[in-house]
Amino acid sequence: MTPNDSKQVQTESSSARPPGAARAWSLIFGIVVVLFITYAVFEGIHSRVQAKVELHQIAVNSAIPFVNIIYAKGGAEAEEIELPGNTQAFIDTPIYARTNGYVKHWYVDIGARVTQGELLAEIETPELDQQLRQANADLKNAQANLQIADITATRWQNLLKTDSVSHQETDQAVSDLHSKQALVDSNRANVDRLEQLQSFERIVAPVDGVITARNTDIGALIQADTTAPKEIFHLSAVEKLRVYVPVPEVYASSVKTGDKVDVTLDAFPGQNFKGTLVRNANVIDSTSRTLNVEVDVDNSSGRLMPGAYAFVHFKVPATRGAVTIPSNALLFRAEGLRVGVVRNSHVALVPITIGQDYGSAVEVLSGLTTRDAVIVNPSDSLANGAQVQAENKLNDGVRQ
């Protein structure tokens, strides 16, 4: 086919189409264009409206403050409190001399373990020895005079029976006998006193213990009759130690005689020593508002030393029905202690009653349950009924 033949075929085909079909196609094309433009305009307006709504919602949400909440922990176990104290020897006694003289010899020094009755030192008392010899001589003289007075009184009483002597003379003889008897008793008492003082020449240990101080030496002058006698030895019984602990008034009702406690010392890290609460003062000190209690610790091993700084660990039982919240959740208001609770996205300021204070947390006796969402670190301006948004919900309690 030649090019002229092809052009002739196309011309014949074009002339064969009806005029109405071309107009229909043009109308459809126009409608499609209009719909496209309308859709584009609608989408533009809708996106602007949607953006405006979202912006408004963001602004509204931004106006509602966020708060951190936590759920109170219930059913808490006994709380442990740690209180400081000083270890003291169960018996701590200074040893003085009871007689005047000079130190003849001492047998123990600091650190020596002694038993009751063991000889610690001897004192030489020459003046006392002379006084005792003189007192013995006076006693013998008084006993001789008593013997003569007894014989005389007996003779006069026998003569009185025969009316050989008068009643007056007999009474005088009997009275002299009684006087001589009293003198003998007096001299015997003086001898006993001096012998007792002489026995104090031997200084012995009053109890089992450790010598913690020796304040004398051979030849030292001992003056026991002064108003301020000098301590010769210091003895401490360390088989058992006492620890006196001031317990704050709020915990006073929780400590009971017979309770077992743990005692720790910085000198023995990681080790616990067992102690027993044996007694308390049964009175709150008006100055410190504390109860003084005594804890006894067995020290038969001798590892602990008196005067050491110790910590006593007491178990404070939790109150039935109480919950625990962080201390930074409390609000101190003029009307009383309050806690902010989120209910239906609004704040409710709830009055509470607190019990034990654990430092970072407090025990709440009434006003809260474990279902209450408590606001942590509330602002001072937090108002009752204010709308808030809660976040950081914790369900594992507050105590570490």
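Numbers below:
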| quantity | calculated |
| --- | --- |
| Residue 120 assigned to a helix (DSSP H, G or I) and either of a type outside the set (S, T, N, Q) or at positive phi (or both) | no |
| Residue in segment 185-220 that is nearest to residue 90 (Cα to Cα), counting only those that are of a type in the set (Ser, Thr, Tyr) and open to solvent by less than 60 Å² (accessible area, probe 1.4 Å) | 216 |
| Tally of residues being under 21 Å from residue 388 (Cβ atoms), outside any loop (DSSP other than H, G, I, E, B) and of a type outside the set (A, V, I, L, M) across segment 328-352 | 8 |
| Residue selected from segment 319-356 under the condition of a type in the set (S, T, N, Q) and on the phi > 0 side of the Ramachandran plot, by the criterion surrounded by the most Cβ atoms within 10 Å (Cβ to Cβ) | 345 |
| Any pair with Cβ under 9 angstrom, 6 or more apart, that starts in segment 204-223 at a residue that is within 15 Å of residue 98 (Cα to Cα) and ends at one that is among the β-branched types (Val, Ile, Thr) and part of a loop (DSSP other than H, G, I, E, B) | 205/108; 205/115; 216/232; 220/232; 222/99; 222/125; 222/216; 222/232 |
| Residues located in segment 226-251, provided they are outside any strand (DSSP E or B) and open to solvent by 20 Å² or more (accessible area, probe 1.4 Å) | 226, 227, 228, 229, 230, 231, 249, 250, 251 |
| Qualifying residues in segment 271-290 (those that are out of contact with any Asp or Glu (no Cβ under 6 Å at 6 or more places or on another chain) and outside any strand (DSSP E or B)) - the one farthest from residue 250 (Cα to Cα) | 271 |
| Looking only at segment 65-113, and only at residues there that are under 30 Å from residue 312 (Cβ atoms), touching a strand residue (DSSP E or B) at 6+ places or on another chain (Cβ under 7 Å) and of a type in the set (Asp, Glu), the one that is least open to solvent (accessible area, probe 1.4 Å) | 79 |
| Residue check for residue 173: open to solvent by less than 40 Å² (accessible area, probe 1.4 Å), in a helix (DSSP H, G or I) and either aromatic (Phe, Trp, Tyr) or in contact (Cβ under 8 Å) with a residue 12 or more places away in the chain (or both) | yes |
| Residue in segment 117-126 that is open to solvent by 30 Å² or more (accessible area, probe 1.4 Å) and free of Cβ contacts under 8 Å to residues at least 12 places away in the same chain present | no |
| Matching entry among 145, 86 (being more than 60 Å from the chain's Cα centre (by Cα) and either at pLDDT 90 or above or among the hydroxyl-bearing types (Ser, Thr, Tyr) (or both)) | 145 |
| Close pairs (9 angstrom Cβ cut-off, 6 or more residues apart or separate chains): open to solvent by 90 Å² or more (accessible area, probe 1.4 Å) in segment 254-275, of a type in the set (Phe, Trp, Tyr) anywhere | 266/309; 266/311 |
| In segment 353-400, residue nearest to residue 251 (Cα to Cα) [restricted to those that are in a strand (DSSP E or B), among the small types (Gly, Ala, Ser) and modelled with pLDDT under 85] | 355 |
| The lone exception for residue 283 - which of (1) surrounded by fewer than 16 Cβ atoms within 10 Å (Cβ to Cβ); (2) free of Cβ contacts under 8 Å to residues at least 24 places away in the same chain; (3) over 23 Å from the mean Cα position of the chain (by Cα) it fails | (3) |
| Members of segment 304-318 found to be at pLDDT 90 or above, open to solvent by 20 Å² or more (accessible area, probe 1.4 Å) and in a loop (DSSP other than H, G, I, E, B), listed by number | 305, 306, 307, 308 |
| Matching residues, segment 152-168, being closer than 28 Å to residue 184 by Cα and either touching a residue at least 24 places away in the same chain (Cβ under 8 Å) or open to solvent by 80 Å² or more (accessible area, probe 1.4 Å) (or both) | 152, 153, 155, 157, 158, 167, 168 |
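The values are calculated or read from the model by the stated rules, or taken from the named source; none is laboratory data. As the structure is a prediction and not an experimental result, all values here were calculated from the model. Here Cβ is always computed from backbone atoms with ideal geometry, including for glycine, and neighbour counts include all displayed protein chains. Ligands, DNA and RNA are excluded from the accessible area calculation, which covers all protein heavy atoms including side chains. Shrake-Rupley method; radii C 1.70, N 1.55, O 1.52, S 1.80 Å.
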